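The structure under discussion appears below in the form of structure tokens.
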Amino acid sequence: MKELNFDVAVIGGGPAGTVAAIASARQGAKTILIEQHAYLGGAMTAAGTGPQMTFHAGEKQVVLGIPEEMTREMVRRGFCTGHVPDGVGFCSSTTAFDPEGMKVVWEEMAMESGVTLLYHAIFTGCEVKDGSITSAQIFTKGGFYQLNAKVFIDASADADVAHYAGVPTTFGRESDNLAQPMTLNFHVYDVDRDKLCDYVENNLEDMFRLTPRQIRPLKRYDISGAFSKINAAKAAGEFVYNKNRDTVLCFETSNDGEYVVNMTRISMKSAVDAFDLTEAEILGRKQVHETFRFLKKYIPGFENCKLAYSGPNIGIRESRKINGVYKLTVDDLTGNVMFPDAIAMGGYPIDVHSPDGNNTVHKFLKPGSWYSIPYRSLITNEIDNLIVAGRCISATQEACSSTRLTPIVMALGQAAGTAAAQSVKTGEKANCLNTDVLRQQLKKDGAFLEEYQGGF
């Protein structure tokens, strides 16, 4: 078996893994990023997900550092709107982007930082000795590789590395192990923005309760609601494959008149079971075409829209989460707990899509407030050279429903990559790092770690 030798190995090139690899390489660690697809971006480029929500808590930007650097570069090159107020009023800001542009910008930033990229590569397992991962097995078209590294970062989203290294994990909801539903997003174009805006502003009583009274001044026209339209279509028997759909939810991309449609709902399937995933993808495509027909028939502005594409992969909200040194809870978030080892902040509400029904449970933070995420939620007691970043950190289902959002997982990625490089440089075990030093470096590199003091 051929060998690869690196200081830091990052498994997964989604938002968390890409930022982690950049952060690690910039700190001088010889870093490789393993990705099963042929591009970076994770759900944002492989599942049609968008926009990014939210870099802000009220008017305060709480995600900065490398994620903000990436955003500014995409804005400079015309691939992103920048941060704008949320058109449906759910969170503080949204950041629309062009996924094709994202692929290019993120790839270039990774390589310029010194990251070695390996696409078309699948993690298949790892070797563990005396509480450390000694190597990972990677399968490619050219055969198997033994990947040796001093520190491993699990940015697989499904806690694959942690799981196969023997770290205890929790799947989905704690009471019954059911995960939040999957979604196959799709993009449509040639939407009449003015007509849609008129419809939303003239039917506010039928929209999500926090929808602004005027959306026309916003750069992006989004829609959440149209409950009567959904109910009418259901009564007419027009939702056969997506009977649990409860609201219209569409977000304008960085291109005028192009929308991400986030309306499919595939429940009771496991993201770590290939047969379940196969069934979910098939059902998802049926729901896509059913929903597309509904939009054209019922929602003003969508009459002449065209289906561009659905995500190459289904979008997954939740699967495995590690049982780390500390499990983040919803009370930590709503109570604005500021941990002494905080390495990232978040301002997104709690947004739990019922695993077994059609309802969504929302809990909101105090206006203008944010929460912290401790480094202890990224590490395990069992493996001393493993750091986890992304939606599979140690958190309850409710807490994960906020921390899984893209800007937050990117902030986690910067922390994970910086920590990995620190471990390599100092010889400290990754699960025993001096977090004061880690926090100082993160602040130096532009990460937001200000404590919430209240009063906003």
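No lab work stands behind these numbers, since they all come straight from the coordinates. Keep in mind that what you see is a predicted model, and the values were worked out from it rather than measured. Cβ: placed from backbone, ideal geometry, glycine included. Neighbour counts: every protein chain shown.
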Please find the FRET efficiency linking K443 to H289, where r is the Cβ-Cβ separation and R0 is fixed at 45 Å, and quote it to the nearest 0.05. 0.40
Name the long-range amide H neighbours of I133: under 5 Å, sequence gap of 5 or more, or other chain; modelled H, no Pro or chain starts. D384, N385
Among A236, A159, A274, whose Cα projects farthest towards the positive end of the dipole of the chain, with charges put on the beta-carbon of Lys, Arg (+1) and Asp, Glu (-1)? A236
For K195 and M1 in the same chain, what is the full-extension length gain: residue separation times 0.36 nm, less their Cα-Cα distance, in nm? 63.8 nm
Can you run phi through the Karplus equation (6.51, -1.76, 1.60; θ = phi - 60°) for the stretch 128-134 and list ³J(HN,Hα) in whole Hz, with x for Gly and Pro? 10, 9, 6, x, 10, 7, 8
Linear extension gain, R216 paired with E112, 0.36 nm per residue minus alpha-carbon span: 33.5 nm
Phi-based couplings in Hz for the stretch 441-450 (Karplus 6.51, -1.76, 1.60; Gly and Pro marked x): 5, 4, 4, 4, 8, x, 5, 8, 9, 5
So if I restrict to the alpha-carbon atoms in the stretch 1-85, what is the Rg, and what is Dmax, the biggest pairwise distance, in Å? 15.0, 53
K306 to C432: extension gain in nm, 0.36 nm per residue of separation minus the Cα-Cα distance? 40.0 nm
Where in the stretch 47-90 does the label zone of H362 land, with the point 7 angstrom along Cα→C-beta and an amide N cut-off under 20 Å? 50-60, 84-90
What order do you get for V161, V352, V10, V272 when you list them from fewest to most C-beta neighbours inside 10 Å? V272, V352, V161, V10
Dipole moment magnitude, nearest 20 debye, the chain about Cα centre, only Lys, Arg, Asp, Glu C-beta charged: 260
For the chain, count all C-alpha to C-alpha pairs, find those more than 36 Å apart, and express that count as a whole percent of the total. 23
Alpha carbon Rg of the stretch 186-310, scaled by the compact-globule rule 2.2 N^0.38 Å: 1.08
Which value in deg cm²/dmol, rounded to the nearest 500, describes the helix-derived mean residue ellipticity at 222 nm for the chain, given -39,500 (n - 2.57) per DSSP H run of n ≥ 4 and division by the residue count? -9000 deg cm²/dmol
For the stretch 412-423, take each phi angle, set θ = phi - 60°, evaluate the Karplus expression 6.51 cos²θ - 1.76 cosθ + 1.60, and give the result in whole Hz per residue in order, putting x for glycine and proline. 4, x, 4, 5, 5, x, 5, 5, 4, 5, 4, 4
As I understand it, the dipole of the stretch 315-456 uses +1 on the Cβ of Lys and Arg and -1 on the Cβ of Asp and Glu, about the Cα centre. Which of Q422, Y371, C432 lies farthest toward its positive end? Q422
Amide N proximity, the stretch 283-305 versus A236 label position 7 Å along Cα-to-Cβ, cut-off under 12 Å: 293-300
